[in-house]
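Every number here is computed from the coordinates shown, using simple stated rules; none is lab data. If you're wondering where the values come from, they're calculated on a predicted model, not measured in any experiment. Cβ placement follows ideal geometry from the backbone for every residue including glycine, while neighbour counts extend to all protein chains displayed.
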Amino acid sequence: MKKNSAILRTTLCLMLFTFLVSPAMAQDAASTRTVGGVKSMEDRVRHLEQAIGSGDESNRWFDRIEISGLIEIEAMHQSIDFSDPAQADEDESDIDLATLEGGHGCRHLRSVDGHVLFKYEEG
């Protein structure tokens, strides 16, 4: 029984040491380590944002606008051949504009989008 309590005490001491000392050591190692010549995480993020060219969205208005459209056309051809020579054969063809849509979307803010859709359908 004494042996088990000694093992339990040793395990608890090691766990306590790990939880108290390891985070301090990890933070210290991360702050002194340099990656690509950048020391802190904030500097690294800033460096990466500059590298990919991200910036203020107000300067890139064309990235915030979307224009879309749809044209649906229905076409038909019918040929009727009558067996009676006295009656003339019939040929018909037709093209209809079934649907026409035009849309415009715009992102005003990061969480606000607007969308306008104009739609015509054959009734």
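If you project the alpha carbons of region 61-123 onto the principal axes, what extent comes out on each, in Å, largest first?
Per principal axis, max minus min of the Cα coordinates gives 73, 21, 11 Å.
So how much slack lies between ASP94 and GLU72, counting 0.36 nm per residue of separation and subtracting their Cα-Cα distance, in nm? Before the final figure, lay out the partial values.
Details: separation 22, 0.36 × 22 = 7.92 nm, distance 1.41 nm.
My answer for the length gained is 6.5 nm.
For ILE52 paired with ARG110, estimate the spin-label separation in nm (one decimal), with each label point 7 Å from Cα along the Cα-to-Cβ line.
Calculated label separation equals 1.4 nm.
Could you give the dipole magnitude of region 61-123 about its Cα centre, charging the beta-carbon of Lys and Arg +1 and that of Asp and Glu -1, in debye to the nearest 20?
Charge dipole of region 61-123: 1080 debye, to the nearest 20.
If you take the beta carbon distance between ASP63 and PHE118 as r and set R0 to 30 Å, what does 1/(1 + (r/R0)^6) give as a FRET efficiency, to the nearest 0.05? It would help to have the intermediate numbers written out before the result.
On the way: r = 23 Å, r/R0 = 0.78.
It comes to 0.80.
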